[in-house]
1. Residues of the stretch A:156-183 being of a type in the set (S, T, N, Q) and free of Cβ contacts under 8 Å to residues at least 24 places away in the same chain, which ones?
2. May I ask you to list pairs of residues, at least six apart or on different chains, whose Cβ atoms are under 7 Å apart, with the first in the stretch A:281-298 being over 13 Å from residue A:202 (Cα atoms) and the second being among the small types (Gly, Ala, Ser)?
3. Tell me whether the stretch B:283-301 contains one or more residues that are in contact (Cβ under 8 Å) with a residue 24 or more places away in the chain, in a helix (DSSP H, G or I) and over 28 Å from the mean Cα position of the chain (by Cα).
4. Could you pull out every one of the helices (runs of 4 or more DSSP H) wholly within the stretch A:326-388 that has 3 or more residues that are of a type in the set (A, V, I, L, M) and open to solvent by 10 Å² or more (accessible area, probe 1.4 Å)?
5. Taking residue B:83 as the residue in question, decide whether it is surrounded by fewer than 16 Cβ atoms within 10 Å (Cβ to Cβ) and not charged (D, E, K, R).
6. With B:135, B:139 as the choices, which residue is within 19 Å of residue A:241 (Cα to Cα) and at the interface with chain A (Cβ under 9 Å from one of its Cβ atoms)?
7. Here are some residues: A:398, A:428. Which one is within 14 Å of chain B (Cβ to nearest Cβ), at pLDDT 65 or above, surrounded by fewer than 15 Cβ atoms within 10 Å (Cβ to Cβ) and under 21 Å from residue A:316 (Cβ atoms)?
8. Would you confirm whether or not the stretch A:273-285 contains a residue that is open to solvent by less than 40 Å² (accessible area, probe 1.4 Å), in contact with a Leu (Cβ under 9 Å, 6 or more places away or on another chain) and either modelled with pLDDT of 85 or more or in a helix (DSSP H, G or I) (or both)?
Amino acid sequence: MKQFGTILDFELKNYFKNRLFVGITIFLAAVIAVIMFFPRVMSMIEDGGAKTEESEADGTTAEGNEANGTTAEGSEADGQTKGMILLSVGDMPNAEALRQALNAAFLNYEVCLTDDDLDAIQKKVIAEAAACAFVMDSPTSYTYYVNNLSIYDDNTAVVNEVLSNVNSLNALMAAGLTAEEAEGVLSVEISNETVSLGKDQMQNFFYTYIMIFSLYLVILLYGQMVATNVATEKSSRAMELLVTSAKPTSMMFGKVIASCLAGFVQLLVVFGSAILFYNLNKEWWGDNMIVESIFGMPMDLFVFMLIFFVLGFFIYAFLFGAIGSLASKVEDINTSSMPLTLLFVAGFMIVMFSMQGGDVDSLLMRICSYVPFTSPMAMFTRIAMSTVPFYEILLSILILIASVVGVGVVSAKIYRVGVLLYGTKPKLGSIFQAMRKA
Amino acid sequence: MKLELKNVQKSFGEKEVLKGISFSVESGKAFGLLGRNGAGKTTTIRILMEVFAADGGQVLIDGAPVDYRKTGIGYLPEERGLYPKKKIVDQLIYFARLHGMKRQEATEAVDYWLGRLDMMEYRNKRLNTLSKGNQQKIQLITAIAHDPDIVILDEPFSGLDPVNAMLLKDVVREEIDKGKIVLFSSHQMNYIEEFCDSIAILNKGTLALCGEIHEIKRNYVRDKLVVRSESADAIADALGGCCTKRGNGELLIQLEAEEAKRGMMEQLTKTFDIDEIRVFEPSLNDIFVEYAGDHDEGEKA
């Protein structure tokens, strides 16, 4: 126990004295600060800009009524900033009504009717004289011409809706309604309210996502660090002295718990600064739903997050430590930790896809929430985004705790055997054989 | 205090590394554990230090199984290595604390030894900024700073310049005088002869020879003659197969029996012009080569 304390102390100091570790932590906190202050700074800049514009406007009025020319120039300038959309209607009736409807839908563009032939229209679009063009074939069909089609291009959807409206309007008017009546029918507003009696997946999605992603990053990052740490001691032959000075279980637990604490401190700094800076800038964030949901995480969920985080971290860190002890060189770690990393990534993918698919209670997720290597992510996701009976949670946690202890003991045994094996990579069989004797 | 190994056996998989090793050492004595590479020295040391358990046999202190919480062991491994990028004082204190010292005690002990080995100026430097010899002195501190009852030194003199070797000799002698058990493992026989009262020679996991050095030498069969002569070639021709030439030009003559030495001496001094003739007394090196050498291979050759 005394040795464990000494090792924990030594390893923790290694983390906190490591410039890279300190640097990354400060950097992350700084990034969070920048993000959290962003709306405040933006609104300050906008306010500042508005004030100068106001004062300039005041200035012009003061100078007198010569301002007419300037206004004309201003509107011209506005015309220049607005892009142009060409609309070719052929000999369809009500062309101007359609143009106006489209003009109202495309706020940032000026929709212009054109009599040009198809060639000329295409040339204008290619030359970017017009942003795009709609060539009507009939009241219900058209061709959309655009130079480079962006993946976010939803212009056809906008035009479809406008055309659908126009057609409905025309049909209603043809049936004898006046224009006002027809518009009244079309613009009926439907109101609704949703009451979720279980969990609101929309609301929980973001912090579950953040938690799962942090777990993923921290486990991979710190797991690799534990493995590298052990392999470095082995390759620098400090291990020769360590194995004769300390018990392998103390070494293993000391290292893993130190890395867990270091990771925790780092997360605490990151999330702590996020909470601090959010509260400083709360009013500028207004009612941003995503941010509000993240910071409005319920307390019981936070406790579950801590439990699964720590247990999930341990189970992987122990295995990474064992892998590190089997590597002869630090470079070997990447390849030898591959199976473990893949197992972890597979668990992560299952959880992520289930989350995005909205079905967190699928059979696969239920199974995963009891398998110790996936349960930290899977069970937490289910608790956060669905309603899970308490005994299921308890069972999952108990299985996880038992597995952590089991994996810890086995890893310490592998470590004890592994650290003294140099040269060729040992076969799995020979490791187990040596472990039985150890 | 008496350290005893009784019939210690160990196998790794199919390979039998130790086939029943027994020896004993008492406080205030140095013991040489010799053998070629792969003979089983490091395995013996690791069993002694409880890195792994023996398959059979016992390790005893004063007749009882070793209580590792009470018996301090210091170890200078042959494969040197500490944390290259960490401050020297930090890692020395760490190792002393791992051996059960309190922080304050550890700091005092480390400072004492840094001073004793003229290394105080490197106290706050990183290990990898030091020369190999100085790194070795730092490593030595990890073996003795916690004031262990048993000190195990594996090739302690390799890589040291004569001045540092002298310093280390003094330190080793002090440790022996303090009543500690010092276990040496080395291939530099002159150091073993200088410090050790007893030796054990391991050969392929068996004890080829064990006992006090002067006893071993005294009991050595006196059936070889060393001859220095201008007419060495003529002597070699005359005696044939029983005669081998040594590196310094001397001839080594193997007699059929110890009793034949007087007759051979008389015969040679009568027949040839002899500068010197004496009974061959083996050095530790000779004994080592004879007992640790691979006889099977020699016969095949």
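1. A:156, A:160, A:164, A:168, A:178
2. A:284/A:43
3. Within the stretch B:283-301, none of the residues are in contact (Cβ under 8 Å) with a residue 24 or more places away in the chain, in a helix (DSSP H, G or I) and over 28 Å from the mean Cα position of the chain (by Cα).
4. Where helices (runs of 4 or more DSSP H) fall fully within the stretch A:326-388 and carry at least 3 residues being of a type in the set (A, V, I, L, M) and open to solvent by 10 Å² or more (accessible area, probe 1.4 Å), they are A:338-357, A:363-368.
5. Working: surrounded by fewer than 16 Cβ atoms within 10 Å (Cβ to Cβ): no; not charged (D, E, K, R): yes.
Taking the combined requirement at face value, the residue does not satisfy it.
6. Details: B:135 fails: at the interface with chain A (Cβ under 9 Å from one of its Cβ atoms).
Only one candidate qualifies: B:139.
7. A:428
8. Yes, the stretch A:273-285 contains a residue that is open to solvent by less than 40 Å² (accessible area, probe 1.4 Å), in contact with a Leu (Cβ under 9 Å, 6 or more places away or on another chain) and either modelled with pLDDT of 85 or more or in a helix (DSSP H, G or I) (or both).
The values are calculated or read from the model by the stated rules, or taken from the named source; none is laboratory data. Since the structure is predicted, the reported quantities are computational estimates derived from the model, not experimental observations. We place every Cβ from the backbone using ideal geometry, glycine too, and count neighbours over all the protein chains shown. Remember, those area values only see protein heavy atoms, side chains included, never the ligands or the DNA or RNA. Shrake-Rupley method; radii C 1.70, N 1.55, O 1.52, S 1.80 Å.
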